[in-house]
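Participant: Pasting in a structure now, in structure tokens, and then I'll have a few things to ask.
The values are calculated or read from the model by the stated rules, or taken from the named source; none is laboratory data. If you're wondering where the values come from, they're calculated on a predicted model, not measured in any experiment. No Cβ is skipped: glycine too gets one built from the backbone with ideal geometry, and neighbour counts run over all protein chains shown.
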Amino acid sequence: MKLFTFFRSSAAFRVRIALNLKGLDYEPAFVHLAKGEHRKPEYGELNPQGLVPTLIDDARRLTQSLAIMEYLEEKYPSPPLLPRDLFGRARVRSISLLIACEIHPLNNLRVLQYLTRQLGRTEQERDAWYHHWIGDGLAKVEAVLVRTAGSARFCHADRPTMADCFLVPQIFNAQRFNCDTSHAPTVMRVFSECMELEAFQKAQPSRQPDAE
């Protein structure tokens, strides 16, 4: 397998965690988002969305982190990223989608660049935007973890799932932008539990070959 990745991309970070949890070897290929390498025609041929990650497996190309993880789960089911029971699988997907659809799109690189470059917002205004939506999103994740059945050591039960793969990169982003996470103590406890595991440590941005 070959993974097109960028050390700071939270979407690629998710997939790196999933690959590590499943013990799957892959060859990394680096696409520097800040330098615009994802907009080059040759990468557009590989991934028409012009985003990372892209995973190549058996000469087939896969995009979008959630779809990639679902694919890995079906092709390489052990160890699992989803619980065995119907409710558990739905709950894990719900937490994953909360992060992927409600938090991340408002704060990804394209949005932040548009705020400053096209809309003329200052760095302080950009950061205020980021802090607001991270705070709001993490409060919702905290409520799900506290108020719905299933949380334990990790987002769901006592082994890491797809939900944890989504949670950890989001906390890395929050910490990078100095966001206050004190209102989400359960979220931060789960984050700490995850970071005790080599699969998460090995996937983090500072340990990637393209890290700057």
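Participant: Scanning segment 184-196 for residues that are in a helix (DSSP H, G or I) and in contact (Cβ under 8 Å) with a residue 24 or more places away in the chain, which turns out farthest from residue 18 (Cα to Cα)?
Facilitator: Of all residues in segment 184-196, those in a helix (DSSP H, G or I) come to 185-194.
Within this subset, residues satisfying the condition of being in contact (Cβ under 8 Å) with a residue 24 or more places away in the chain are 185-187, 190-191, 193-194.
On the way: 185: 24, 186: 22, 187: 19, 190: 16, 191: 15, 193: 16, 194: 12 Å.
Out of the qualifying residues, it is 185.
Participant: Quick one: is residue 181 over 22 Å from residue 7 (Cα atoms), in contact with a Leu (Cβ under 7 Å, 6 or more places away or on another chain) and either assigned by TED's automatic domain parsing to the domain that holds residue 16 or part of a helix (DSSP H, G or I) (or both)?
Facilitator: no
Participant: Let me ask another. What's the total number of residues in segment 130-151 that are surrounded by 13 or more Cβ atoms within 10 Å (Cβ to Cβ) and either within 25 Å of residue 15 (Cβ to Cβ) or in contact with a helix residue (DSSP H, G or I) (Cβ under 6 Å, 6 or more places away or on another chain) (or both)?
Facilitator: 12
Participant: Take the residues of segment 152-178 that are aromatic (Phe, Trp, Tyr) and assigned to a helix (DSSP H, G or I): which is surrounded by the fewest Cβ atoms within 10 Å (Cβ to Cβ)?
Facilitator: Filtering first and then ranking leaves 172.
Participant: Here is a list of conditions, (1) within 17 Å of the chain's Cα centre (by Cα); (2) farther than 20 Å from residue 95 by Cα, and residue 168 meets all of them except one; can you say which number that is?
Facilitator: Of everything listed in (1) within 17 Å of the chain's Cα centre (by Cα); (2) farther than 20 Å from residue 95 by Cα, residue 168 misses just condition (2).
Participant: Next question. Give me the pairs: first residue in segment 149-173 and farther than 27 Å from residue 109 by Cα, second residue assigned to a loop (DSSP other than H, G, I, E, B) and among the charged types (D, E, K, R), beta-carbon distance under 7 Å, and six or more apart or on different chains, which are they?
Facilitator: From residues that are farther than 27 Å from residue 109 by Cα, the pairs are 152/158.
Participant: Being in contact with a Lys or Arg (Cβ under 9 Å, 6 or more places away or on another chain) and modelled with pLDDT of 95 or more is the requirement here; does residue 121 meet it?
Facilitator: no
Participant: Just a yes or no: is a residue in segment 92-103 surrounded by fewer than 22 Cβ atoms within 10 Å (Cβ to Cβ), farther than 28 Å from residue 176 by Cα, touching a helix residue (DSSP H, G or I) at 6+ places or on another chain (Cβ under 8 Å) and free of Cβ contacts under 8 Å to residues at least 40 places away in the same chain?
Facilitator: no
Participant: Taking only segment 12-43 into account, find how many residues are in a loop (DSSP other than H, G, I, E, B) and either over 17 Å from the mean Cα position of the chain (by Cα) or more than 17 Å from residue 58 (Cβ to Cβ) (or both).
Facilitator: 8
Participant: For the list (1) of a type outside the set (Asp, Glu); (2) under 24 Å from residue 210 (Cα atoms); (3) not assigned by TED's automatic domain parsing to the domain that holds residue 123, I need the number of the one condition that residue 71 fails.
Facilitator: Tallying (1) of a type outside the set (Asp, Glu); (2) under 24 Å from residue 210 (Cα atoms); (3) not assigned by TED's automatic domain parsing to the domain that holds residue 123, residue 71 fails exactly one: (2).
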